1. Which one is farthest from the other protein chains (Cβ to nearest Cβ) among residues in the range A:139-151 that are surrounded by fewer than 20 Cβ atoms within 10 Å (Cβ to Cβ) and at pLDDT 90 or above?
2. Evaluate the range A:22-41: report whether one residue or more is within 8 Å of another protein chain (Cβ to nearest Cβ), small (Gly, Ala, Ser), on the phi > 0 side of the Ramachandran plot and crowded, with 21+ Cβ neighbours inside 10 Å.
3. Scanning the range A:95-118 for residues that are out of contact with any helix residue (DSSP H, G or I) (no Cβ under 6 Å at 6 or more places or on another chain), of a type outside the set (Gly, Ala, Ser) and at the interface with chain B (Cβ under 7 Å from one of its Cβ atoms), which turns out nearest to A:VAL10 (Cα to Cα)?
4. Looking at the range B:287-310, is at least one residue within 14 Å of another protein chain (Cβ to nearest Cβ), part of a loop (DSSP other than H, G, I, E, B), within 29 Å of A:MET35 (Cα to Cα) and touching a helix residue (DSSP H, G or I) at 6+ places or on another chain (Cβ under 8 Å)?
5. Quick one: B:LEU349 ticks every box in (1) among the aliphatic types (A, V, I, L, M); (2) in contact (Cβ under 8 Å) with a residue 12 or more places away in the chain; (3) surrounded by fewer than 24 Cβ atoms within 10 Å (Cβ to Cβ) bar one, so which box is it?
6. Within the range B:103-118, does at least one residue satisfy the condition of being of a type in the set (Val, Ile, Thr), within 30 Å of B:ALA180 (Cβ to Cβ) and surrounded by 22 or more Cβ atoms within 10 Å (Cβ to Cβ)?
7. Going through the range B:321-354 one residue at a time, which ones are facing chain A (nearest Cβ under 7 Å), of a type in the set (Val, Ile, Thr) and under 29 Å from the mean Cα position of the chain (by Cα)?
8. Looking at (1) within 14 Å of another protein chain (Cβ to nearest Cβ); (2) without any contact (Cβ under 8 Å) to a residue 24 or more places away in the chain; (3) crowded, with 18+ Cβ neighbours inside 10 Å, can you tell me which one B:LEU318 breaks?
Amino acid sequence: MTKNILLVGVGGQGTILASKILTLGLQKADYDVKMSEIHGMSQRGGSVTSHIRYSEEKVYSPVIEAGCADVIVAFEKMEALRYLNYLKEGGKVFVNDFEIPGMPITSGQTEYPAGIIEELKRVADTTVIEAEKEAEKIGNPKVMNMILLGTIIGSMKLEHIDWDGILAENVKPQFVELNKKAIRRGIELSR
Amino acid sequence: MAKQQLMTGNEAIARGVYEAGVRFAAAYPGTPSTEILETISTYKEISAQWSPNEKVALEVAYGASLGGARSFASMKHVGLNVAADPFFTIAYTGGNAGLVVVTADEPGQHSSQNEQDNRNYARHAKVPMLEPSDSAECKAMTEFAFELSEKYETPVLIRVTTRVCHSKSLVELGERKERAIVPYVKNASKYVCVPANARVRRAEVEKRLDALKIYSSGCEWNKIENNGKKTGVIASGMAINYAKEVFGKDVNYLKLGFTFPLPMKLMDEFLKGLDKVYVIEENDEYIEDAVKMLGYKNICYGKFAPDGKRFFPAFGELTSDVVRKCVTGKEPRTLSYDASKVVGRPPALCAGCPHRGFFYELGKRKDIIVSGDIGCYTLGFAAPYNAMDCNCCMGASVSGANGIQKVLDMVEGNKKRVVGVLGDSTFFHSGMTSLLDIVYNKGNCITVILDNRITGMTGHQQNPGTGFTAQGEPTQIVDIEGIVKAIGIKHIRVIDPNDLKLVRETFDWAVALKEPSVIITRYPCVLKKMSIYDKNEWPDAYKAKCKVDPAKCIGCKACLKSGCPAISVKDKKAVIDETMCVGCTVCKQICPKAAIN
């Protein structure tokens with residue numbers, strides 16, 4: 001059975017690195033893996049999505065269908081709601097309690113919408129992650145993305161994969177320990 | 001076991017180029033194709049280069065093939081329009097060693113100005129075409145394309161789409177197979193395309209196509225998967241994956257990878273005995289037309305159903321949910337929630353972008369029409385600047401401006417001036433000839449070259465103005481001002497676009513002139529990794545921060561008109577996000593109360 005994970009966020013939040021680490025882990029565990037990213041204008045504050053699909057059998061499409069995601073992990077809370085149509089019935093949402101206002105908001109045309117988390121909770125199995133606070137506790141706000149990756153690992157029961165080894169191969173040596181801690185914290189928070 | 005690696009389609013094409021023993025590759029950056037040449041440039045065995053435009057890239061690759069090395073060029077779909085001229089004639093001559101061209105199309109227009117289907121180019125130019133569906137095929141088909149190119153003495157087109165380019169799947173890595181350079185032998189009757197020779201070659205092209213038509217039906221990339229059903233699916237490229245998600249083993253498949261010439265015999269064999277066939281292809285009805293030509297209109301469901309009604313959408317991506325909806329007639333089951341809480345997140349110029357001050361000033365002027373171009377600066381069209389009237393394709397800013405101005409000036413007493421705006425890389429790409437047209441044909445418009453010292457939009461590729469090659473080796477810096485002068489422009493000013501007063505005064509100067517002028521705004525892109533030259537010229541760039549003095553701020557929101565993502569208003573006072581601010585001072589200059597330092 002193919003599993004579908006959707007990572008959403010805003011350009012610059014580290015979704016691309018998180019999905020890279022995730023796909024490398026899944027590959028190491030001998031799953032067939034496909035991943036698709038749309039990041040055309042992301043560097044300029046646009047919304048970014050990574051679709052990750054894996055299975056013990058062959059995976060064909062790299063793109064998740066609407067209504068089929070097992071998990072949505074949102075690095076920014078409004079992005080969770082933007083892509084909620086991808087979540088399947090009974091799917092899980094992990095949402096970072098973090099706001100990045102887009103241009104229409106900073107320019108004063110409209111306000112950052114209130115009640116997003118409440119709406120998510122109303123319709124889906126939602127876990128709120130205070131990734132910024134957690135990252136600061138670990139000692140570096142940049143590991144927010146690895147904490148959120150940890151929530152995926154925990155919720156999809158992928159703890160048996162050698163994440164430490166994958167980090168060692170893909171992250172600068174001075175950041176490996178920090179990232180390991182962040183992933184472990186994410187796993188704890190997913191429960 | 002061979003080493004497996006997760007790769008994007010683009011990385012896999014580059015790997016295929018490497019393993020095929022290619023020695024020369026050229027490209028111009030363009031989404032979604034850019035990473036192909038970026039990856040190739042990391043292989044030291046290959047001479048890889050960013051060319052000023054796609055036409056040059058293809059021509060230099062063609063030359064390299066004549067020189068006797070396997071050669072390669074890649075481009076986005078609209079890039080092949082630029083390179084179409086050599087493409088059609090190279091189809092007659094073929095190369096000396098293998099020559100392969102990649103076109104990266106954009107169903108859904110994620111990052112493009114149109115959605116053209118470049119499979120039509122293969123048919124139009126009579127060039128064989130391959131369509132990989134995943135990264136493994138990207139690598140394998142690239143290697144295969146070189147074999148095909150040499151066997152049939154023809155360039156080969158590989159057509160990929162955004163989802164093939166930018167999705168990752170597993171690829172088995174092999175070794176590079178070095179190939180000796182094929183000695184050059186003069187053969188004017190083949191390579192000199194005067195009519196007498198080209199007519200002979202034209203006949204050769206037809207012979208080659210006849211052979212390829214037969215080859216296509218037996219080709220390993222065109223395969224029937226018979227599941228013993230009465231319904232069939234024909235699809236190529238990424239669409240076959242979408243189809244397999246929807247239909248599983250409930251249909252027979254004809255998976256097409258070699259799609260020009262189409263395998264008509266194999267298609268006929270597949271279609272015979274079916275009650276129904278779905279033709280699943282993004283963009284145009286390229287395969288569908290062939291199915292109908294074979295006489296299967298009555299069972300064919302493609303872009304149109306047998307009754308002539310629309311079936312699959314005419315445009316956009318045909319992802320599996322789209323296909324499923326068309327086939328079952330049912331909407332996907334999704335949660336119902338309040339989507340009104342979602343606010344759009346349109347792309348914006350970065351905090352510190354040197355285009356900001358320029359467009360802020362441009363947007364305020366009522367005496368101009370702005371003809372824009374392709375790059376980050378196209379965002380100047382949007383709020384709060386609203387500083388662009390049109391844009392079309394690379395270089396059209398300058399030539400378009402010339403045309404608009406000529407007609408406006410036909411009306412007596414016209415006071416409007418037309419401004420063509422384009423970036424440094426776009427100027428090298430195809431703005432130079434347009435500027436020449438202004439000078440030669442007595443045009444009278446203003447050209448602005450936004451020189452941010454890099455090709456920004458596609459993720460910072462080197463260009464002739466930066467002083468570095470694709471591999472980062474130092475090279476001659478091409479002087480934009482010198483080119484403009486040599487073309488014959490008499491009025492040239494080079495300005496700092498972050499100095500609003502200077503931008504304003506320079507425009508007043510240009511608008512008052514009765515002759516064409518060029519304004520070069522020179523400041524490095526805020527995201528650029530500063531080169532040694534940049535550090536010398538702008539030692540203080542992006543090292544400061546701006547701050548709002550809340551005691552002085554009256555909450556007038558004038559600074560928001562800069563469109564800077566670092567500024568917002570909270571509790572009726574402007575606030576600057578210090579993690580984003582790089583101290584360009586545009587907001588400081590706008591503030592009427594001197595509340596920003």
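1. Narrowing the range A:139-151 to residues surrounded by fewer than 20 Cβ atoms within 10 Å (Cβ to Cβ): A:139-142.
With at pLDDT 90 or above added as a condition, the list becomes A:139-140.
Numbers: A:GLY139: 18, A:ASN140: 14 Å.
Checked the range A:139-151; the qualifying residue farthest from the other protein chains (Cβ to nearest Cβ) is A:GLY139.
2. Of the range A:22-41, the ones within 8 Å of another protein chain (Cβ to nearest Cβ) are A:23-24, A:27, A:32-41.
Those still in the list that are small (Gly, Ala, Ser) too: A:36, A:40.
Those still in the list that are on the phi > 0 side of the Ramachandran plot too: none.
Checked against the condition, which is being within 8 Å of another protein chain (Cβ to nearest Cβ), small (Gly, Ala, Ser), on the phi > 0 side of the Ramachandran plot and crowded, with 21+ Cβ neighbours inside 10 Å, the range A:22-41 yields no hits at all.
3. So the residue we want is A:PRO101.
4. Just the residues of the range B:287-310 that are within 14 Å of another protein chain (Cβ to nearest Cβ), to begin with: none.
Within the range B:287-310 (the criterion being within 14 Å of another protein chain (Cβ to nearest Cβ), part of a loop (DSSP other than H, G, I, E, B), within 29 Å of A:MET35 (Cα to Cα) and touching a helix residue (DSSP H, G or I) at 6+ places or on another chain (Cβ under 8 Å)), the answer is no, since none of the residues qualifies.
5. Result: B:LEU349 passes all but (3).
6. Taking the range B:103-118 and keeping what is of a type in the set (Val, Ile, Thr), we get B:103.
Remaining after also requiring within 30 Å of B:ALA180 (Cβ to Cβ): B:103.
With surrounded by 22 or more Cβ atoms within 10 Å (Cβ to Cβ) added as a condition, the list becomes B:103.
Scanning the range B:103-118, I find at least one residue that is of a type in the set (Val, Ile, Thr), within 30 Å of B:ALA180 (Cβ to Cβ) and surrounded by 22 or more Cβ atoms within 10 Å (Cβ to Cβ), so the answer is yes.
7. Residue satisfying the conditions is B:VAL343 alone.
8. (2)
The values are calculated or read from the model by the stated rules, or taken from the named source; none is laboratory data. Keep in mind that this is a model prediction, so the values were computed, not measured. All Cβ positions, glycine included, derive from the backbone under ideal geometry; neighbour counts span all protein chains shown.
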